[in-house]
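First comes the structure, then the notes that go with it.
The values are calculated or read from the model by the stated rules, or taken from the named source; none is laboratory data. Everything numeric here is computed off the predicted structure, so don't read it as measured data. Positions of Cβ are backbone-derived with ideal geometry, glycine not excepted, and every protein chain shown enters the neighbour counts.
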Amino acid sequence: MSEPIEPVAAIRAEGVGKSYGATRALDGLDLTVRAGTVYGLLGPNGAGKTTAVRVLATLLRPDSGRAAVHGHDVVAQADRVRARIGLTGQYAAVDELLTARENLVMFARLYGYPDRVARERAEELLARFDLVGAADRRADGYSGGMRRRLDLAVSLLQDPDVLFLDEPTTGLDPRSRLQVWESVRVLVRAGTTVLLTTQYLEEADRLADRVAVIDRGRVIAEGTPNDLRSRVGGDRLDVVVRDPADLDAVADLLGRALGVRPTIDAAEQRVSAPAADRMDTLTRAVRALDGSGARVADVGVRRPSLDEVFLALTGSAAPADTAEVAA
């Protein structure tokens, strides 16, 4: 038996590897997740996000390396890990022929709660996830967002210390997605640690305290969303012109005013330049453009998007809004 990993973090993975035949899904994955935070796993399709969750949730045995949840090894102490975690997969796992109340009571009984306690837990969670009004309707009549909230409620029946959310809002409409996000925030405020995989860059930006970008089964970048944005050059000034004929003139004006070499994107009719000081850069740019005769459609300073981070770090576009296949 391997030596136990010290409980210095809610989740820790060290050099975890996992293969499916000739496909290497995880290739030395390292993660450290602080208790009481939301940690986002982002990466292209097939990067290894879902495999990582399955290993950490004891559903898959790693081929190499080791991992722990609150100091409990996911292989040697799998039962202890399962007693402290909840898991919501990519698709709702509730019985759609049962009502929300029946689902919660059934799962609570499967977890070993006596009937009275099971019913009490069901009522608590129906209230927490705003499902009381629909508690006696069959789940097959629920909206996608309601199904997801019920799925989250089921995963919290045992009051887990750590909750794994594997693409929890895939396929949901914007309103339902916002409802699920708020539910996650409530959990974290109550002290739950959340490890979130997602295909939605906005989701990671809104929820995650820290983000790991995974590519080919390895973490290639890690930090806060703002840390990752800094990898692609920090803030940028963008000037969009109405007439492409003005691009060169605007680039020249900005170059002289800011002391930098702007870049031109002819397809977007945009001139861009670094903005070390947001307000100073914007002020000098507006003064330079004022009265120049250039036909400007828009001017502003922006931070790089996480889409641009994906492109810079992985060499490919951000993942589409689809479920990850196999890995």
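Things to note:
- Residue match in the range 33-43 (condition: more than 19 Å from residue 309 (Cβ to Cβ), part of a loop (DSSP other than H, G, I, E, B) and among the charged types (D, E, K, R)): yes
- Considering residues of the range 289-304 that are of a type outside the set (Gly, Ala, Ser), at pLDDT 90 or above and assigned to a loop (DSSP other than H, G, I, E, B) only, the residue surrounded by the most Cβ atoms within 10 Å (Cβ to Cβ): 295
- Meets criteria (more than 36 Å from the chain's Cα centre (by Cα), surrounded by fewer than 16 Cβ atoms within 10 Å (Cβ to Cβ) and either in the same structural domain as residue 297 (by TED's automatic domain parsing) or outside any strand (DSSP E or B) (or both)) for residue 255: yes
- Neighbours by Cβ (under 6 Å, 6+ apart or cross-chain): first from the range 31-48, over 19 Å from residue 202 (Cα atoms); second assigned to a strand (DSSP E or B) and among the aromatic types (Phe, Trp, Tyr): 33/39
- Any strands (runs of 3 or more DSSP E) falling wholly within the range 176-251 and containing at least 2 residues that are within 27 Å of residue 280 (Cα to Cα) and at pLDDT 90 or above: 236-241
- Verdict on residue 145 being free of Cβ contacts under 8 Å to residues at least 12 places away in the same chain, not basic (Lys, Arg) and not in a strand (DSSP E or B): no
- Residues that are polar (S, T, N, Q) and under 30 Å from residue 304 (Cβ atoms) occur at least once in the range 148-169.
- Residues of the range 58-76 satisfying the condition of being modelled with pLDDT of 95 or more and among the small types (Gly, Ala, Ser): 64, 65, 67, 68, 76
- Selection within the range 230-243 - within 38 Å of the chain's Cα centre (by Cα) and loosely packed, with under 14 Cβ neighbours inside 10 Å: 233, 242
- Some residue of the range 104-120 being in a loop (DSSP other than H, G, I, E, B) and of a type in the set (A, V, I, L, M, F, W, C): no
- Residue list for the range 108-141, restricted to those being more than 22 Å from residue 190 (Cα to Cα) and of a type in the set (A, V, I, L, M, F, W, C): 110, 134, 135, 139
- Every residue from the range 102-120 that is farther than 24 Å from residue 166 by Cα and either basic (Lys, Arg) or within 30 Å of the chain's Cα centre (by Cα) (or both): 109, 116, 119
- Test: residue in the range 65-81 that is touching a Leu at 6+ places or on another chain (Cβ under 8 Å) and not aliphatic (A, V, I, L, M): yes
- In the range 263-288, the residues that are closer than 13 Å to residue 240 by Cβ, in contact with a strand residue (DSSP E or B) (Cβ under 6 Å, 6 or more places away or on another chain) and part of a loop (DSSP other than H, G, I, E, B): 269
- The condition of being free of Cβ contacts under 8 Å to residues at least 24 places away in the same chain and either in the same structural domain as residue 148 (by TED's automatic domain parsing) or within 28 Å of residue 170 (Cα to Cα) (or both) holds for only one of 66, 84, 54, that being 54.
- In the condition set (1) touching a helix residue (DSSP H, G or I) at 6+ places or on another chain (Cβ under 7 Å); (2) over 30 Å from residue 14 (Cβ atoms); (3) surrounded by 14 or more Cβ atoms within 10 Å (Cβ to Cβ), residue 266 is compliant with all but (3).
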